[in-house]
Ligand SMILES: Cc1ncc(COP(=O)(O)O)c(C=O)c1O
């Protein structure tokens with residue numbers, strides 16, 4: 001892809017110069033207003049204001065288009081949620097048709113057509129036994145629903161310890177940014193500041209290897225707290241925000257068996273890994289696991305509209321039944337719960353999985369990415385590649401989820417100084433070459449949409465490698481200590 005060109009051209013005819021002028025005015029107005037009024041999430045605002053990041057005004061297929069007309073390949077699925085590309089006719093049409101009926105009506109004591117159809121469709125596709133669907137409007141809210149449901153369930157179920165106030169979570173967990181979900185969080189950069197706001201949780205080490213020794217240690221931790229634990233919240237197979245940390249095979253199944261053994265609800269957060277990203281519709285399927293609670297969001301609507309769904313078993317649901325005055329009702333809900341437009345988009349998105357055999361495409365993309373990135377770790381003939389290999393600590397991949405860890409020195413594992421913002425520089429370089437990504441610290445994350453064509457995924461990988469060859473050798477790297 002070519003370098004972004006935003007300069008003026010005095011040889012242009014009069015009318016194109018005036019339309020360029022108009023475009024430039026619009027850009028500077030939008031940028032001024034953005035800097036004046038918009039506070040961007042997870043964004044260092046002082047640096048951002050200097051940066052002139054793209055202002056997206058349109059999209060087409062797998063490209064985002066900014067206010068200057070520059071096109072960018074959407075290399076992170078618009079923060080891990082886009083599935084089929086942008087402006088997909090079938091989803092656009094489903095939303096428009098729904099818009100012609102009703103845009104919103106509450107689910108509190110009422111129902112609406114798309115939320116009913118979607119619940120049935122999700123139950124049909126989800127791992128067996130998850131028969132009831134509770135809607136919310138973002139991933140974190142979906143996790144909050146799961147936590148409160150689990151907490152209340154134990155108090156209302158028949159038999160067994162009922163005062164269970166503790167949740168288990170993985171060491172490097174990320175489940176959202178509400179106070180409840182950060183209480184389960186284990187990523188220092190995001191969470192440590194808020195420690196005194198959080199409720200206590202049982203931290204289970206993020207598994208690096210899996211065998212009898214690790215299995216015994218996990219069992220002991222769960223057994224020791226069995227009477228207090230309401231649930232074990234886990235991202236199946238891949239911890240995305242931890243930097244695409246991939247779990248060893250067999251871990252998920254073991255968590256299922258142990259949670260069942262000790263009466264602890266297994267709560268699977270498939271907000272990032274669900275909807276095909278790992279090569280199966282749901283990551284739990286890889287190890288034939290049915291959790292007690294499954295949380296979906298992000299890709300649920302194809303990446304179009306905010307929606308979350310928390311699926312539970314009949315056993316959990318039935319603990320909430322009783323006379324209205326008996327105090328067993330789940331007293332929780334959000335204004336836009338089960339929004340008809342979002343549910344209509346989700347139904348259309350699910351249909352496209354079948355129509356386009358999307359899971360087969362993910363398996364093909366998985367191989368393409370692996371082949372393209374192999375150059376970073378295998379003996380290389382290209383001198384520019386050899387020059388950067390010492391900075392590639394690890395590449396982790398599952399399906400179309402990829403994390404590339406960059407370090408100052410692979411041998412010692414020494415990280416780059418944070419002030420160098422190496423991951424961010426790679427992101428900006430990619431953007432200048434027409435690819436949008438978002439790094440997590442010095443981990444470069446690739447997250448193409450499951451439906452992206454192979455050629456575009458190849459472009460994505462090659463642009464990232466090119467960015468590394470352009471950014472890494474230019475850094476002020478001190479001499480490696482002689483050992
Ligand atoms: C695994 C996981 N859980 C929860 C969330 C929170 O979702 P949301 O940002 O929609 O609140 C995210 C977001 O990245 C996530 O990756």
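The values are calculated or read from the model by the stated rules, or taken from the named source; none is laboratory data. None of these values were measured; they are calculated from a predicted model. Positions of Cβ are backbone-derived with ideal geometry, glycine not excepted, and every protein chain shown enters the neighbour counts.
Scanning the range 221-235 for residues that are buried (at least 22 other Cβ atoms within 10 Å of the Cβ) and away from the ligand (no atom under 16 Å from the Cβ) turns up 229, 230.
For the range 283-321, the tally of residues that are part of a loop (DSSP other than H, G, I, E, B), surrounded by fewer than 24 Cβ atoms within 10 Å (Cβ to Cβ) and touching a strand residue (DSSP E or B) at 6+ places or on another chain (Cβ under 8 Å) stands at 2. Filtering the range 53-70 for residues that are surrounded by 20 or more Cβ atoms within 10 Å (Cβ to Cβ) and assigned to a loop (DSSP other than H, G, I, E, B) leaves a non-empty set. Residues that are under 18 Å from the mean Cα position of the chain (by Cα), farther than 20 Å from residue 42 by Cα and in contact (Cβ under 8 Å) with a residue 24 or more places away in the chain number at least 1 in the following strands (runs of 3 or more DSSP E) confined to the range 349-458: 392-398, 401-406. When the range 322-347 is filtered for residues that are assigned to a helix (DSSP H, G or I) and more than 25 Å from residue 113 (Cβ to Cβ), the ones remaining, listed by number, are 324, 325, 326.
For the residues 305, 350, the requirement of being within 16 Å of the ligand (Cβ to nearest atom), more than 27 Å from residue 154 (Cα to Cα), at pLDDT 95 or above and in contact with a helix residue (DSSP H, G or I) (Cβ under 9 Å, 6 or more places away or on another chain) singles out 305.
The rows are residues; the columns are (1) over 20 Å from residue 308 (Cα atoms); (2) in the same structural domain as residue 248 (by TED's automatic domain parsing); (3) surrounded by 15 or more Cβ atoms within 10 Å (Cβ to Cβ).
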{"site": "176", "(1), (2), (3)": "no, yes, yes"}
{"site": "187", "(1), (2), (3)": "yes, yes, yes"}
{"site": "191", "(1), (2), (3)": "yes, yes, yes"}
{"site": "194", "(1), (2), (3)": "yes, yes, no"}
{"site": "198", "(1), (2), (3)": "yes, yes, yes"}
{"site": "209", "(1), (2), (3)": "yes, yes, no"}
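Of all the residues in the range 179-203, those that are in contact (Cβ under 8 Å) with a residue 24 or more places away in the chain and touching a helix residue (DSSP H, G or I) at 6+ places or on another chain (Cβ under 6 Å) number 2.
Pairs linking a residue in the range 240-259 that is assigned by TED's automatic domain parsing to the domain that holds residue 230 and at pLDDT 95 or above to a residue that is assigned to a helix (DSSP H, G or I) and within 14 Å of the ligand (Cβ to nearest atom), with Cβ atoms under 8 Å and 6 or more positions apart or on different chains, are 240/80; 241/190; 252/283; 252/284. Is there a residue being away from the ligand (no atom under 13 Å from the Cβ), in contact with a helix residue (DSSP H, G or I) (Cβ under 7 Å, 6 or more places away or on another chain) and outside any helix (DSSP H, G or I) anywhere in the range 143-163? Within the range 143-163, one or more residues are away from the ligand (no atom under 13 Å from the Cβ), in contact with a helix residue (DSSP H, G or I) (Cβ under 7 Å, 6 or more places away or on another chain) and outside any helix (DSSP H, G or I). Of the residues in the range 71-89, how many are surrounded by fewer than 17 Cβ atoms within 10 Å (Cβ to Cβ) and within 24 Å of residue 278 (Cβ to Cβ)? The total comes to 1. Of the residues making up the range 178-205, those that are in a loop (DSSP other than H, G, I, E, B) and within 14 Å of the ligand (Cβ to nearest atom) are 178, 183, 184, 185, 186, 187.
Among the residues of the range 127-142, write down those that are more than 13 Å from the ligand (Cβ to nearest atom) and farther than 12 Å from residue 338 by Cβ. Those that are more than 13 Å from the ligand (Cβ to nearest atom) and farther than 12 Å from residue 338 by Cβ: 127, 128, 129, 130, 131, 132.
Which of the numbered conditions does residue 287 fail, given that it passes all the others? Conditions: (1) away from the ligand (no atom under 16 Å from the Cβ); (2) farther than 20 Å from residue 169 by Cα. With (1) away from the ligand (no atom under 16 Å from the Cβ); (2) farther than 20 Å from residue 169 by Cα applied to residue 287, the lone miss is (2). With respect to residue 99, is the statement that it is surrounded by fewer than 17 Cβ atoms within 10 Å (Cβ to Cβ), in contact (Cβ under 8 Å) with a residue 24 or more places away in the chain and within 23 Å of residue 296 (Cβ to Cβ) true? In short, no. As a summary of the residue check, residue 175 satisfies the conditions (1) modelled with pLDDT of 95 or more; (2) within 16 Å of the ligand (Cβ to nearest atom); (3) assigned to a helix (DSSP H, G or I) except for the one numbered (3). Return the total of residues in the range 236-266 being more than 23 Å from residue 84 (Cα to Cα) and within 11 Å of the ligand (Cβ to nearest atom). So the count comes out to 1.
Restricting the search to the range 239-265, which residues are in a strand (DSSP E or B) and buried (at least 24 other Cβ atoms within 10 Å of the Cβ)? Of everything in the range 239-265, those that are in a strand (DSSP E or B) and buried (at least 24 other Cβ atoms within 10 Å of the Cβ) turn out to be 239, 265.
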